[in-house]
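The structure under discussion appears below in the form of structure tokens.
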Amino acid sequence: MELPYLTGMAYVTIIAMLAIVQYSYFSFKVGQARGKFDVEAPATSGHETFDRVFRVHQNTLEQLICFIPGIYAFAFFVSPLWATGIGVIFLIARTIYARAYVADPASRSVGAMLTFASAQVLVLGAIVGALLKVL
Amino acid sequence: MELPYLTGMAYVTIIAMLAIVQYSYFSFKVGQARGKFDVEAPATSGHETFDRVFRVHQNTLEQLICFIPGIYAFAFFVSPLWATGIGVIFLIARTIYARAYVADPASRSVGAMLTFASAQVLVLGAIVGALLKVL
Amino acid sequence: MELPYLTGMAYVTIIAMLAIVQYSYFSFKVGQARGKFDVEAPATSGHETFDRVFRVHQNTLEQLICFIPGIYAFAFFVSPLWATGIGVIFLIARTIYARAYVADPASRSVGAMLTFASAQVLVLGAIVGALLKVL
């Protein structure tokens, strides 16, 4: 099954933008934690729970720089439908990661791995798809 | 009024790239502050003013990961002209934010809110625009 | 010499995705260094070598937010072939930077400058290219 180009890009955009909304929600939690645990800017550390909330936000940024270009490149060179599906996995994995990290940093592995894997599948898949166009 | 596709994307690209130039200028200020306040790499903290300059740069990165995909997605699915206008607001808001933060972190709110709001309007507008294509 | 649009974008995508793979490899090194130097999350500092590895990863993120939009915008408004060539320089410069930084932070300048310059050429070139479309 192949989607028309515009419809496919619309699905991918919805997922990509939702990942940014999720990330923005994490930044909102950092602001909240600043107040709650009395960590005033420009400090980025000072209370164990604040540090966890801060790292969730930071690490999500580190994943988005892979995920956002990856999902569009994969959609363009491989399949928008598969890109959308893998993107949904990314969103769910980030939610699992964020909850686990704040509860206990040692338990963050499953969500972290799943996020990382889904982003990398998009990036590596896009490389293969692009290579097939030029070889 | 509707712009031709290429012209619209050119305007959006000029604004998106200017936001990156502004961000790069902030990174240059971090380098300067390293020398001035004697904070040697890999340290990222050590002097109150350095910390502020460092956080301006860092926080702008956190906003760009929303703004850059947001402005292109909004331009594509809603309007390149409105994307350009909202992008100009983002650029001005970041300048206000940077100046206020370095002078006094407590005064950063207006610039921070305006930056955040303009980036989120792009992201949420893009979701609405993309949804209207697939519904 | 002008490439067909799709072929050009395929080359650019291969380079952009390789830069993300390189970045992901740096994040893998951070994870390794956490174990080796006993720096447990959410801490992001605690051992000199860990701090260097952490900063390599972090600084690469700071460059990618310029490089990824820059290479696509440059490819679209100037030339995909030149974008690809400058992208290859970026990839090599980042490798030089990472090795130098971990060995001795003071020696990071050459790699840092070359990375920064190649990303900025893409961004500024894209502005010029886009301006020429609208003027």
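Below are the figures for this structure:
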{"item": "Angle between chain A longest axis and helix A:109-134 axis [Cα atoms, degrees, rounded to 10]", "result": "30 degrees"}
{"item": "Ascending list, in nanometres, of distances separating the residue A:25 label from those of the other copies (7 Å, Cα toward Cβ)", "result": "3.5, 3.5"}
{"item": "Within the protein assembly as shown: Cβ-based charge dipole about Cα centre, in debye rounded to nearest 20 (Lys, Arg +1; Asp, Glu -1)", "result": "120 debye"}
{"item": "Backbone HN-Hα couplings from phi across the stretch C:60-65 [Karplus 6.51/-1.76/1.60, Hz, Gly and Pro as x]", "result": "5, 4, 4, 7, 5, 5"}
{"item": "Between A and C, accessible area buried - total, square angstrom, nearest 100, 1.4 angstrom probe", "result": "2000 Å²"}
{"item": "Magnitude of the charge dipole, chain A, Cβ model with Lys/Arg +1 and Asp/Glu -1, debye to 20", "result": "80 debye"}
{"item": "In sequence order, calculated HN-Hα J values of the stretch B:69-77 (Karplus, 6.51, -1.76, 1.60; Hz; x Gly/Pro)", "result": "x, x, 5, 5, 5, 5, 4, 6, 9"}
{"item": "Förster radius 56 Å - calculated FRET efficiency between residue A:134 and residue B:48, Cβ distance, rounded to 0.05", "result": "0.60"}
{"item": "Counted charge near residue C:107, where neighbours are those whose Cβ lies closer than 12 Å (Asp, Glu -1; Lys, Arg +1)", "result": "+2"}
{"item": "At least 20 Å² of accessible area lost relative to the chain alone, listed for the stretch C:60-82 with a 1.4 Å probe", "result": "C:61, C:62, C:65, C:66, C:68, C:69, C:73, C:76, C:77"}
{"item": "Whole-number accessible area per residue in Å² for the stretch B:52-134, which is evaluated in the context of all protein chains at 1.4 Å", "result": "37 Å²"}
{"item": "0 to 90° range, to nearest 10: angle between helix A:80-103 axis and chain A longest Cα axis", "result": "10 degrees"}
{"item": "Over 31 Å between alpha carbons, listed pairs B:29/C:29; B:133/C:133; A:36/C:36", "result": "A:36/C:36"}
{"item": "For the stretch A:31-99, with +1 on Lys and Arg beta carbons and -1 on Asp and Glu, the positive-most of A:57, A:92, A:43 along the dipole", "result": "A:92"}
{"item": "Estimated vicinal HN-Hα couplings, Hz - the stretch C:4-21 in sequence order (Karplus 6.51, -1.76, 1.60; Gly, Pro = x)", "result": "x, 3, 5, 5, x, 5, 5, 4, 4, 5, 4, 5, 4, 5, 5, 5, 6, 4"}
{"item": "Spin-label zone in the stretch A:42-56 - amide nitrogen under 14 Å from a point set 7 Å from the Cα of residue B:106 along the C-beta vector", "result": "A:42"}
{"item": "Percent carbon-and-sulfur accessible area, the protein assembly as shown, ignoring ligands, DNA and RNA, probe 1.4 Å", "result": "67 percent"}
{"item": "For the stretch C:57-78 and the stretch B:57-117, distance of Cα centres in Å", "result": "18 Å"}
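The values are calculated or read from the model by the stated rules, or taken from the named source; none is laboratory data. All values reported here derive from a predicted model rather than from experimental measurement. With ideal geometry, Cβ positions are generated from the backbone for all residues, glycine too; neighbour counts draw on all protein chains shown. These accessible areas exclude ligands, DNA and RNA; they are computed on the full protein's heavy atoms, side chains included. Shrake-Rupley method; radii C 1.70, N 1.55, O 1.52, S 1.80 Å.
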